[in-house]
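Peer 1: Pasting in a structure now, in structure tokens, and then I'll have a few things to ask.
The values are calculated or read from the model by the stated rules, or taken from the named source; none is laboratory data. The structure presented is a predicted model; accordingly, all values stated were derived computationally and were not measured. Here Cβ is always computed from backbone atoms with ideal geometry, including for glycine, and neighbour counts include all displayed protein chains.
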Amino acid sequence: MRKPITDLIHHPYSPPAHFAAPQPGVYKASTVFFADVAAMRARDWRTKVGYTYGLHGTPTTFTLEERLATLEGGAECLLVPSGLAAISLVSFALLKAGDEVLIPDNAYGPNKALANGELANFGISHRLYDAMNPADLAAKLSDRTKLVWVEAAGSVTMEFPDLPALVGACRERGVITALDNTWGAGLAFAPFDFNGTGQGVDISVHALTKYPSGGGDVLMGSVVTRDERLHRALKLTHMRMGFGIGVGDVETVLRSLPSLALRYQAHDRGARELARWLEGRVEIAQVLHPALEGSPGHAHWLRLCGASDLAAGLFSVVFDARYGTEQVDRFCDRLALFRLGYSWGGPISLVVPYDIGLMRDAAVARWPHKGTLVRFSIGLEDVDDLRADLEQALAAL
């Protein structure tokens, strides 16, 4: 007769199948059981026809991957621990010593830092290009160029590039394109099918940390593709690098996805209302928001996102040059509802001042403003309350 502790571990009871509820079940596993040795040897971790080990997927992670692939119009999805991990996975999977990657000068800063650090250490070179000048990208493509990153809108400075032109230049040379689609969130435009043309990027990476999570409490990224060959290359590197996701975080994102569109629209409405209001303030030299006329790349945004009329909840402002860095810092410190913090897409509005001179390569694209830049991420607070907070902080200038 077995001891009670053994029966607690090897209890014969299994709950009845076919339980259905609004949220998918949460399966936590590193070890996965097999019925017999033949099943163990026959199982292939590279497909979703079965389970082999926790790193290679559970019913919970497979569910999120499939929903994200549908959201972005792709066929396959891989989950990684952060948006930066998604960028790293693409670069490590597709580049080798002697190759070159091209990155827009206004890209997410850690992407450029990765190229300057680990990629350079592995013998992979990179060059920056002007995202607002497709001819500059086309001129820099070479036989060594194996990957080109694109981003819309540009990080912090919010320029919206001519994505079809940039991707078209790469397609003519047979170069793979990867998009940081965190801003668009799979809602503002279709990354794999620009305006129903059937043309788009090859890979879309997404920081699920932002809008899909929506709570400012999850770190996660995704890599979505349509091409099976690309997906297999990415999945092999994904396995070798040992990327794994906490299933509790997967559950959180799955729970948040149904409200993604509603939240995104609310962030967007609040951001546009406040951006337009700030356009009329004498303290502000320019408001940088793709949906506003006069913002760099507005016409490109209109062509690509006009059907959805969506533009996220981010915008930046350039203060009049008469206000120095210390004054702008005090403005940020005086804000009460806007909290100082990185990231975006959560319920709380955020503010960060930036020194663009330290973030841009003057040889690639000259930054035209002399004033200090501040980026706002608009949360889900009442817009009138946020406006009052901005007004009292501006008055202190």
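Peer 1: Here are 350, 358: which of them is surrounded by fewer than 16 Cβ atoms within 10 Å (Cβ to Cβ), under 27 Å from the mean Cα position of the chain (by Cα) and outside the structural domain of residue 109 (by TED's automatic domain parsing)? Spell out the reasoning first.
Peer 2: Working: 350 fails: surrounded by fewer than 16 Cβ atoms within 10 Å (Cβ to Cβ).
Matching residue, one of 350, 358: 358.
Peer 1: How many residues are over 30 Å from residue 237 (Cβ atoms) and in contact (Cβ under 8 Å) with a residue 24 or more places away in the chain when one looks only at segment 1-56? Full working, then the answer.
Peer 2: Taking segment 1-56 and keeping what is over 30 Å from residue 237 (Cβ atoms), we get 1-23, 35-36.
Among the residues that remain, those that are also in contact (Cβ under 8 Å) with a residue 24 or more places away in the chain are: 23.
The qualifying residues number 1.
Peer 1: State all residues of segment 142-188 that are among the basic types (Lys, Arg) and without any contact (Cβ under 8 Å) to a residue 40 or more places away in the chain; if no residue qualifies, say none. Spell out how you get there, then give the answer.
Peer 2: Start the filter on segment 142-188 by keeping residues that are among the basic types (Lys, Arg), which leaves 144, 146, 171, 173.
Correct list: 171, 173.
Peer 1: Might you let me know whether segment 324-343 holds any residue that is under 23 Å from residue 128 (Cβ atoms), more than 19 Å from the chain's Cα centre (by Cα) and surrounded by 16 or more Cβ atoms within 10 Å (Cβ to Cβ)?
Peer 2: Going through segment 324-343, the residues under 23 Å from residue 128 (Cβ atoms) turn out to be 342.
Filter once more, so that each one left must be more than 19 Å from the chain's Cα centre (by Cα): none.
No, segment 324-343 has no match at all.
Peer 1: Quick one: how many residues across segment 50-77 are part of a helix (DSSP H, G or I), out of contact with any helix residue (DSSP H, G or I) (no Cβ under 7 Å at 6 or more places or on another chain) and hydroxyl-bearing (Ser, Thr, Tyr)?
Peer 2: 1
Peer 1: Could you list, in sequence order, all residues of segment 205-223 that are hydroxyl-bearing (Ser, Thr, Tyr) and either within 15 Å of residue 243 (Cα to Cα) or buried (at least 24 other Cβ atoms within 10 Å of the Cβ) (or both)?
Peer 2: Within segment 205-223, 209, 211, 222 qualify.
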